[in-house]
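> Submitted below is the structure of interest, expressed as C-alpha coordinates.
The values are calculated or read from the model by the stated rules, or taken from the named source; none is laboratory data. What you see is a predicted model, and the numbers here were worked out from it, not measured in a lab. When we count neighbours, we look across all protein chains shown, and the Cβ atoms used for this are built from the backbone with ideal geometry, even at glycine. Please note that ligands, DNA and RNA were not included when accessible areas were found on the heavy atoms of the full protein model with its side chains. Shrake-Rupley method; radii C 1.70, N 1.55, O 1.52, S 1.80 Å.
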Amino acid sequence: MTSTEDGRESETVISVAKVGKLRPEPTAAKEWVSTSRGLWIAGYILLMALVALRLPLTRKYLNANVPADVRSEIGDDRLLSLSMTVGTVLFFLVYAVIIALYFSLAAFLDKRVIPGKSVLAGNVNIGAFFVIAILATIPVNLFSVVFGVIQPREVPGYWAYFPSMAVLALAIFYRHWRGFSTGRKILVVLSAMALSTIVAIG
(Lines give C-alpha, C1' and ligand atoms only; values in the text may rest on other atoms or scores of the structure.)
Protein backbone atom coordinates (compact mmCIF):
# COMPACT_ATOMS: atom_id res chain seq x y z
CA MET A 1 0.00 0.00 0.00
CA THR A 2 1.48 3.35 -1.06
CA SER A 3 1.82 6.39 1.15
CA THR A 4 -0.88 8.12 -0.90
CA GLU A 5 -3.25 5.30 -0.28
CA ASP A 6 -2.32 5.35 3.42
CA GLY A 7 -3.13 9.06 3.55
CA ARG A 8 -6.49 8.57 1.87
CA GLU A 9 -7.29 5.67 4.16
CA SER A 10 -6.46 7.77 7.23
CA GLU A 11 -8.57 10.60 5.85
CA THR A 12 -11.50 8.27 5.38
CA VAL A 13 -11.25 6.87 8.88
CA ILE A 14 -10.95 10.29 10.51
CA SER A 15 -13.75 11.92 8.52
CA VAL A 16 -16.88 10.77 10.25
CA ALA A 17 -20.35 12.07 9.78
CA LYS A 18 -21.47 14.62 12.33
CA VAL A 19 -24.55 13.60 14.27
CA GLY A 20 -26.90 15.65 16.36
CA LYS A 21 -27.92 14.99 19.93
CA LEU A 22 -28.90 11.41 20.47
CA ARG A 23 -32.51 10.94 21.53
CA PRO A 24 -33.08 8.47 24.33
CA GLU A 25 -34.94 5.39 23.29
CA PRO A 26 -38.47 5.18 24.63
CA THR A 27 -38.64 3.08 27.76
CA ALA A 28 -41.13 0.33 28.30
CA ALA A 29 -42.07 1.66 31.73
CA LYS A 30 -45.51 3.19 31.93
CA GLU A 31 -45.95 6.77 33.01
CA TRP A 32 -48.54 6.88 35.77
CA VAL A 33 -51.16 9.49 34.92
CA SER A 34 -53.86 10.58 37.32
CA THR A 35 -56.69 13.06 37.30
CA SER A 36 -55.56 16.67 37.52
CA ARG A 37 -55.26 17.89 41.11
CA GLY A 38 -57.48 20.90 40.40
CA LEU A 39 -60.40 18.60 39.62
CA TRP A 40 -59.98 16.74 42.91
CA ILE A 41 -59.91 20.01 44.84
CA ALA A 42 -62.93 21.38 42.99
CA GLY A 43 -64.84 18.14 43.55
CA TYR A 44 -64.01 18.15 47.26
CA ILE A 45 -65.07 21.79 47.72
CA LEU A 46 -68.34 21.23 45.84
CA LEU A 47 -69.11 18.13 47.87
CA MET A 48 -68.42 19.81 51.21
CA ALA A 49 -70.58 22.77 50.16
CA LEU A 50 -73.47 20.35 49.56
CA VAL A 51 -72.80 18.68 52.91
CA ALA A 52 -72.90 22.12 54.56
CA LEU A 53 -76.29 22.75 52.93
CA ARG A 54 -77.46 19.44 54.38
CA LEU A 55 -76.57 20.43 57.94
CA PRO A 56 -80.07 21.75 58.78
CA LEU A 57 -81.47 18.36 57.71
CA THR A 58 -78.81 16.59 59.74
CA ARG A 59 -79.63 18.68 62.80
CA LYS A 60 -83.32 17.93 62.33
CA TYR A 61 -82.53 14.21 62.07
CA LEU A 62 -80.42 14.26 65.23
CA ASN A 63 -83.07 16.19 67.12
CA ALA A 64 -85.80 13.77 66.07
CA ASN A 65 -83.76 10.78 67.25
CA VAL A 66 -82.91 11.99 70.75
CA PRO A 67 -84.21 9.35 73.21
CA ALA A 68 -87.03 10.53 75.44
CA ASP A 69 -85.10 9.74 78.63
CA VAL A 70 -82.13 11.80 77.45
CA ARG A 71 -84.43 14.69 76.53
CA SER A 72 -86.07 14.63 79.96
CA GLU A 73 -82.71 14.31 81.66
CA ILE A 74 -81.38 17.45 79.94
CA GLY A 75 -84.60 19.32 80.63
CA ASP A 76 -83.55 22.71 79.24
CA ASP A 77 -84.47 23.11 75.56
CA ARG A 78 -81.70 25.65 75.04
CA LEU A 79 -79.11 23.20 76.32
CA LEU A 80 -80.56 20.50 74.09
CA SER A 81 -80.42 22.87 71.11
CA LEU A 82 -76.79 23.70 71.89
CA SER A 83 -75.88 20.01 72.09
CA MET A 84 -77.57 19.44 68.70
CA THR A 85 -75.55 22.31 67.21
CA VAL A 86 -72.30 20.92 68.59
CA GLY A 87 -73.21 17.45 67.29
CA THR A 88 -73.93 18.85 63.83
CA VAL A 89 -70.60 20.71 63.67
CA LEU A 90 -68.72 17.61 64.81
CA PHE A 91 -70.53 15.59 62.14
CA PHE A 92 -69.41 18.06 59.48
CA LEU A 93 -65.76 17.99 60.63
CA VAL A 94 -65.63 14.19 60.84
CA TYR A 95 -67.32 13.86 57.45
CA ALA A 96 -64.78 16.30 55.93
CA VAL A 97 -61.92 14.07 57.13
CA ILE A 98 -63.63 10.89 55.91
CA ILE A 99 -64.25 12.37 52.47
CA ALA A 100 -60.61 13.54 52.28
CA LEU A 101 -59.49 9.97 52.99
CA TYR A 102 -62.01 8.61 50.48
CA PHE A 103 -60.80 10.96 47.75
CA SER A 104 -57.20 10.01 48.58
CA LEU A 105 -58.05 6.34 48.07
CA ALA A 106 -59.84 7.13 44.81
CA ALA A 107 -56.84 9.18 43.62
CA PHE A 108 -54.50 6.26 44.38
CA LEU A 109 -56.68 3.84 42.41
CA ASP A 110 -57.06 6.40 39.65
CA LYS A 111 -53.29 6.57 39.29
CA ARG A 112 -52.33 2.93 39.75
CA VAL A 113 -55.13 0.66 38.61
CA ILE A 114 -56.01 2.31 35.29
CA PRO A 115 -53.06 4.55 34.37
CA GLY A 116 -54.89 6.05 31.41
CA LYS A 117 -56.39 9.46 30.90
CA SER A 118 -58.92 11.39 28.91
CA VAL A 119 -58.12 15.01 28.26
CA LEU A 120 -60.98 17.43 28.89
CA ALA A 121 -59.26 20.61 27.78
CA GLY A 122 -55.62 21.50 27.50
CA ASN A 123 -53.72 19.72 30.25
CA VAL A 124 -56.76 18.79 32.34
CA ASN A 125 -56.80 15.01 32.75
CA ILE A 126 -59.65 12.93 34.09
CA GLY A 127 -59.56 9.28 35.14
CA ALA A 128 -62.12 6.54 35.69
CA PHE A 129 -61.89 6.44 39.47
CA PHE A 130 -62.31 10.21 39.72
CA VAL A 131 -65.58 9.86 37.84
CA ILE A 132 -66.67 7.03 40.16
CA ALA A 133 -65.78 9.02 43.29
CA ILE A 134 -67.68 12.08 42.08
CA LEU A 135 -70.77 10.17 40.92
CA ALA A 136 -70.85 8.22 44.20
CA THR A 137 -70.93 11.36 46.36
CA ILE A 138 -72.13 14.57 44.71
CA PRO A 139 -75.43 13.43 43.09
CA VAL A 140 -76.58 11.77 46.33
CA ASN A 141 -75.92 14.88 48.41
CA LEU A 142 -77.42 17.13 45.73
CA PHE A 143 -80.56 14.98 45.70
CA SER A 144 -80.76 15.27 49.48
CA VAL A 145 -80.45 19.06 49.40
CA VAL A 146 -82.91 19.63 46.54
CA PHE A 147 -85.63 17.29 47.80
CA GLY A 148 -85.00 17.61 51.52
CA VAL A 149 -84.33 13.90 51.97
CA ILE A 150 -82.50 13.17 55.21
CA GLN A 151 -81.74 9.53 54.41
CA PRO A 152 -81.27 9.02 50.63
CA ARG A 153 -80.81 5.28 51.15
CA GLU A 154 -84.55 5.03 51.78
CA VAL A 155 -85.23 6.20 48.22
CA PRO A 156 -86.09 3.35 45.79
CA GLY A 157 -83.19 2.52 43.50
CA TYR A 158 -80.55 3.78 45.95
CA TRP A 159 -78.69 0.47 46.18
CA ALA A 160 -78.86 -0.14 42.43
CA TYR A 161 -77.44 3.30 41.62
CA PHE A 162 -73.91 2.71 42.91
CA PRO A 163 -72.95 -0.49 41.02
CA SER A 164 -74.69 0.83 37.90
CA MET A 165 -72.73 4.07 38.08
CA ALA A 166 -69.44 2.19 38.53
CA VAL A 167 -70.17 -0.02 35.51
CA LEU A 168 -71.01 3.07 33.43
CA ALA A 169 -67.73 4.77 34.38
CA LEU A 170 -65.73 1.65 33.51
CA ALA A 171 -67.54 1.39 30.18
CA ILE A 172 -66.68 5.01 29.33
CA PHE A 173 -62.99 4.35 30.06
CA TYR A 174 -62.96 0.84 28.61
CA ARG A 175 -60.33 1.67 25.97
CA HIS A 176 -57.85 2.40 28.77
CA TRP A 177 -58.07 -1.06 30.33
CA ARG A 178 -59.35 -3.39 27.60
CA GLY A 179 -55.80 -4.59 26.88
CA PHE A 180 -55.17 -5.67 30.48
CA SER A 181 -54.72 -9.29 31.46
CA THR A 182 -57.74 -11.17 32.81
CA GLY A 183 -56.48 -10.92 36.38
CA ARG A 184 -56.00 -7.19 36.14
CA LYS A 185 -59.41 -6.69 34.53
CA ILE A 186 -60.94 -8.44 37.55
CA LEU A 187 -58.94 -6.10 39.81
CA VAL A 188 -60.29 -3.08 37.91
CA VAL A 189 -63.92 -4.19 38.26
CA LEU A 190 -63.58 -5.15 41.94
CA SER A 191 -61.83 -1.88 42.77
CA ALA A 192 -64.53 0.16 41.05
CA MET A 193 -67.32 -1.73 42.81
CA ALA A 194 -65.59 -1.42 46.18
CA LEU A 195 -65.03 2.32 45.76
CA SER A 196 -68.70 2.93 45.00
CA THR A 197 -69.98 0.52 47.66
CA ILE A 198 -68.02 2.27 50.43
CA VAL A 199 -70.24 5.31 49.98
CA ALA A 200 -73.43 3.29 49.67
CA ILE A 201 -72.99 1.58 53.02
CA GLY A 202 -71.24 4.52 54.73
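> Go through the stretch 148-179 and give me each residue that's among the β-branched types (Val, Ile, Thr) and at pLDDT below 95.
Result: Val149, Ile150, Val155, Ile172.
> Select from the stretch 144-171 the residues that are farther than 28 Å from Val188 by Cα and assigned to a helix (DSSP H, G or I) and write down the one among them that is least open to solvent (accessible area, probe 1.4 Å).
Ser144
> Kindly indicate the residue of the stretch 23-52 that is open to solvent by less than 60 Å² (accessible area, probe 1.4 Å) and assigned to a loop (DSSP other than H, G, I, E, B) and also modelled with the lowest pLDDT among those meeting that condition.
Taking the candidates together, the pick is Val33.
> I've got another one for you. For the stretch 76-107, give me each residue that is of a type in the set (Val, Ile, Thr), under 30 Å from Thr35 (Cα atoms) and free of Cβ contacts under 8 Å to residues at least 60 places away in the same chain. Before you say what the answer is, go through the steps one by one.
Of the stretch 76-107, the ones of a type in the set (Val, Ile, Thr) are 85-86, 88-89, 94, 97-99.
Filter again for under 30 Å from Thr35 (Cα atoms), leaving 94, 97-99.
Selection gives Val94, Val97, Ile99.
> Count, please, the residues in the stretch 172-202 that happen to be open to solvent by 50 Å² or more (accessible area, probe 1.4 Å), under 15 Å from the mean Cα position of the chain (by Cα) and farther than 25 Å from Ile98 by Cβ.
Going through the stretch 172-202 one residue at a time, the tally reaches 0.
> (1) among the β-branched types (Val, Ile, Thr); (2) out of contact with any Gly (no Cβ under 9 Å at 6 or more places or on another chain); (3) under 23 Å from Ala42 (Cα atoms): which one isn't true of Ile138, the others all being true?
Evaluating Ile138 over (1) among the β-branched types (Val, Ile, Thr); (2) out of contact with any Gly (no Cβ under 9 Å at 6 or more places or on another chain); (3) under 23 Å from Ala42 (Cα atoms) leaves (2) as the failure.
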